[in-house]
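The values are calculated or read from the model by the stated rules, or taken from the named source; none is laboratory data. Quick caveat: nothing in here was measured; it's all calculated off a predicted structure. In this analysis, Cβ positions are derived from the backbone assuming ideal geometry, glycine residues included, and neighbour counts consider all displayed protein chains.
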Amino acid sequence: MLLNIAIDGPGGAGKSTIARAVAKQLGIVYVDTGALYRTIGLYVRRHDTDPADMDAVAALLPGISLEIKYEDGGQQVYLNGERVGDAIRTPEMSHYASAVSVHPPVRNFLLDTQRDIARKTSVIMDGRDIGTVILPDAQVKIFLTASPECRAERRCLELREKGIDTTFEAVLAEMNERDARDSGRAVAPAVAANDAVHFDNTGMTLEQSVDYVLALVKEKTGVSVGEAK
Ligand code: DC
């Protein structure tokens, strides 16, 4: 059985960490869709283009070829043949990704790339519109949240681990701004699908969150650890 699991929600809720761990346990592929928007953001930045200018951003899209590969135990995005690596993981690229993602041409550009993967292989895919737009037929849909303070704290730790110096206040402000744009945009906003399970993991450990998701997958699909392919 082809398994499609969608995890949506705001930044810092732990979507990627949880999804990666669940994918490993189930033996399926983890797809980080935010990385695609970040890569477009990187290209737009490199072309000194205003990410809020839809026409200018749309004009750049024909020059972009994106590829997702699974290497070194994880997802790698290639932009015109170049592995983007950590260049897309900066706070600046978080901002660029969110800004370009409001434009319908950008969302259309990435639609098939995301759907094609889930058609061919069992996936757990994280993003903002996976349960609503990309995989409306996913067997399991989760809308993951945590309190803003808890999410900002996690994001702070993540950034500091990468050697990016920042303050809690700066991260919280940037996160709130990004969440408001992602959930308030006209097209494919970050909202829960009608059939999504709301999961607030404030104060929970990674292990508890992963167990919760695995139990939900078992309940919805009958599939448990080691059984998926
Ligand atoms: O998940 P992330 O922080 O890497 O995502 C970066 C931005 O990309 C996010 O602020 C909004 C956008 N995004 C989106 O619009 N739809 C998705 N499915 C994933 C990300």
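Points to keep in mind about this one:
- Residues satisfying the criterion are present in region 92-104 (criterion: of a type in the set (Ser, Thr, Tyr), assigned to a helix (DSSP H, G or I) and farther than 30 Å from Leu214 by Cα).
- Lone qualifier among Glu177, Glu169, Glu219 - being in contact with a His (Cβ under 9 Å, 6 or more places away or on another chain) and not in a loop (DSSP other than H, G, I, E, B): Glu177
- Members of region 179-191 that are loosely packed, with under 12 Cβ neighbours inside 10 Å and within 19 Å of Cys150 (Cα to Cα): none
- Cβ separations smaller than 7 Å between residues 6+ apart or across chains give the following pairs from region 190-203 residues that are within 16 Å of Gln139 (Cα to Cα) to residues that are crowded, with 17+ Cβ neighbours inside 10 Å and among the basic types (Lys, Arg): Ala193/Lys141; Asp195/Lys141; Ala196/Lys141; Val197/Lys141.
- A Cβ distance below 9 Å, combined with a sequence gap of six or more or placement on separate chains, defines the contacts here; from region 81-92, residues that are under 17 Å from Arg160 (Cβ atoms) reach residues that are surrounded by 13 or more Cβ atoms within 10 Å (Cβ to Cβ) and polar (S, T, N, Q) in the pairs Pro91/Thr166.
- Of all residues making up region 125-154, the number that are away from the ligand (no atom under 14 Å from the Cβ), more than 21 Å from Arg185 (Cβ to Cβ) and assigned to a helix (DSSP H, G or I): 3
- Close pairs from region 124-135: first within 23 Å of Val225 (Cβ to Cβ), partner more than 8 Å from the ligand (Cβ to nearest atom) and basic (Lys, Arg), Cβ under 7 Å, at least 6 apart: Gly131/Lys141
- Residue match in region 164-171 (condition: more than 13 Å from the ligand (Cβ to nearest atom), surrounded by 13 or more Cβ atoms within 10 Å (Cβ to Cβ) and among the polar types (S, T, N, Q)): yes
- Among the residues of region 192-216, those identified as buried (at least 17 other Cβ atoms within 10 Å of the Cβ) and assigned to a loop (DSSP other than H, G, I, E, B) are Ala192, Ala193, Ala196, Asn201, Met204.
- All of Ala19, Ala6, Ala35 fail the test of being within 15 Å of Val77 (Cβ to Cβ) and either within 10 Å of the ligand (Cβ to nearest atom) or assigned to a helix (DSSP H, G or I) (or both), apart from Ala35.
- Output for region 91-102, where each listed residue is near the ligand (Cβ under 10 Å from one of its atoms) and not hydroxyl-bearing (Ser, Thr, Tyr): Met93, His95, Ala97, Ala99, Val100, Val102
- Checking each residue in region 70-111 for being more than 16 Å from the chain's Cα centre (by Cα), at pLDDT 95 or above and closer than 22 Å to Ala23 by Cα picks out only Tyr78.
- Leading residue by the ranking (surrounded by the fewest Cβ atoms within 10 Å (Cβ to Cβ)) among those in region 45-54 that are farther than 17 Å from Arg185 by Cα and of a type outside the set (Lys, Arg): Asp48
- Residue check, Leu42 touching a Phe, Trp or Tyr at 6+ places or on another chain (Cβ under 8 Å), in contact (Cβ under 8 Å) with a residue 24 or more places away in the chain and surrounded by 17 or more Cβ atoms within 10 Å (Cβ to Cβ): yes
- Only one of the numbered conditions (1) on the phi > 0 side of the Ramachandran plot; (2) of a type outside the set (Val, Ile, Thr); (3) buried (at least 24 other Cβ atoms within 10 Å of the Cβ) is violated by Asp8, and that is (1).
- Count of residues meeting criterion [free of Cβ contacts under 8 Å to residues at least 60 places away in the same chain and either of a type in the set (D, E, K, R) or closer than 11 Å to Ser101 by Cα (or both)] in region 5-38: 3
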